[in-house]
Amino acid sequence: MGEKNPELPVQSGAVDTHCHLFLMEVEPALAVETARAAGVDRLICVGVDVETSRRSLEIADSIEGVFATAGVHPHDAASFTAGASARVEELLHDPRVIAVGECGLDWFRMRSPREDQIRTLRAHVAMSNGSGKPMVVHVRDAWDDVLSILADAAAERVVIHCFSGDTAVARECVARGYWVSFAGNVTYPKNEHLRRAAAAMPADRLLVETDAPFLAPQAVRGRDNAPNNVVYTLEEIARVREEPLETLVKSTADNARTAFPGLR
């Protein structure tokens, strides 16, 4: 694959359901302009703590086509106090904050103790169910525990961010009514399990994202990722699903609006 972005039809309306514009070296407005030139017209800027959730809302308020989330990442779960919870809930009242999170469990890096991560995830389920807004869930080396907690807490609207499991896990998520989002790592040569999972997904539960500035697709690997690069992910998933790129762009954009009802 070359370095030039695959071409999408004009006004294709692709959606990057997960990026962190506040972490990019370029200005958010320039990143969004570049994404639009690549055919990506909606972006969800995902907060990872109280401050970046607030910053995500500021960006969403200032740039058309950008929406925000509010939540605390499992890396920062130890700092999820009652005060932090109250500030996240306050942000969730804003209509441009369309989801709860990024939240979840990360047993790989373990930057917060397990009990804090579990406590924080349960609190986010309650905020999601209470607000009616979907929750964006991070999972790393913690599938059994995440799925158990989400079931026990009766999570109602779940988006699994940057899916890293296999086909069996993907099917379990779909059986529960979750949406499953694939990032640029689906293009990495070693990740055949992700390509198989993407190929097996029902068309109405599949989402795409960049997780920018992380996880740049193979064609631009080694650089900071950017929202325009979601096109590479779309191209690879369309290939393994043996469907036209335009069809996948439309279906994933439609799914994004279903998964995130606040996305307009």
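Quick notes on this one:
- Note on the stretch 110-163: residues that are in a helix (DSSP H, G or I), closer than 20 Å to R205 by Cβ and open to solvent by less than 30 Å² (accessible area, probe 1.4 Å) total 5.
- Residue within the stretch 200-220 that is within 14 Å of D16 (Cα to Cα) and acidic (D, E) present: yes
- Screening the stretch 81-109 for residues that are touching a strand residue (DSSP E or B) at 6+ places or on another chain (Cβ under 9 Å) and under 9 Å from D49 (Cα atoms) and picking the one that is surrounded by the fewest Cβ atoms within 10 Å (Cβ to Cβ) gives V88.
- Pairs where the first residue, in the stretch 29-57, is surrounded by 18 or more Cβ atoms within 10 Å (Cβ to Cβ) and the second is basic (K, R), C-beta under 7 Å, 6+ apart: V50/R87; L57/R96
- Contacts under 9 angstrom Cβ, first residue in the stretch 231-249 being over 17 Å from D204 (Cβ atoms), partner among the basic types (K, R), 6 or more apart: E236/R195; R239/R195; V240/R195; V240/R196; L245/R239
- Scanning the stretch 19-64 for residues that are within 21 Å of S181 (Cβ to Cβ) and among the acidic types (D, E) turns up D41, D49.
- Looking only at the stretch 220-259, and only at residues there that are touching a strand residue (DSSP E or B) at 6+ places or on another chain (Cβ under 8 Å) and outside any helix (DSSP H, G or I), the one that is most open to solvent (accessible area, probe 1.4 Å): D224
- Here is the figure for the stretch 235-252: residues that are among the aliphatic types (A, V, I, L, M) and touching a Gly at 6+ places or on another chain (Cβ under 9 Å) total 1.
The values are calculated or read from the model by the stated rules, or taken from the named source; none is laboratory data. Quick caveat: nothing in here was measured; it's all calculated off a predicted structure. We place every Cβ from the backbone using ideal geometry, glycine too, and count neighbours over all the protein chains shown. What goes into the accessible areas is simple: the full protein's heavy atoms, side chains included, and nothing from ligands, DNA or RNA. Shrake-Rupley method; radii C 1.70, N 1.55, O 1.52, S 1.80 Å.
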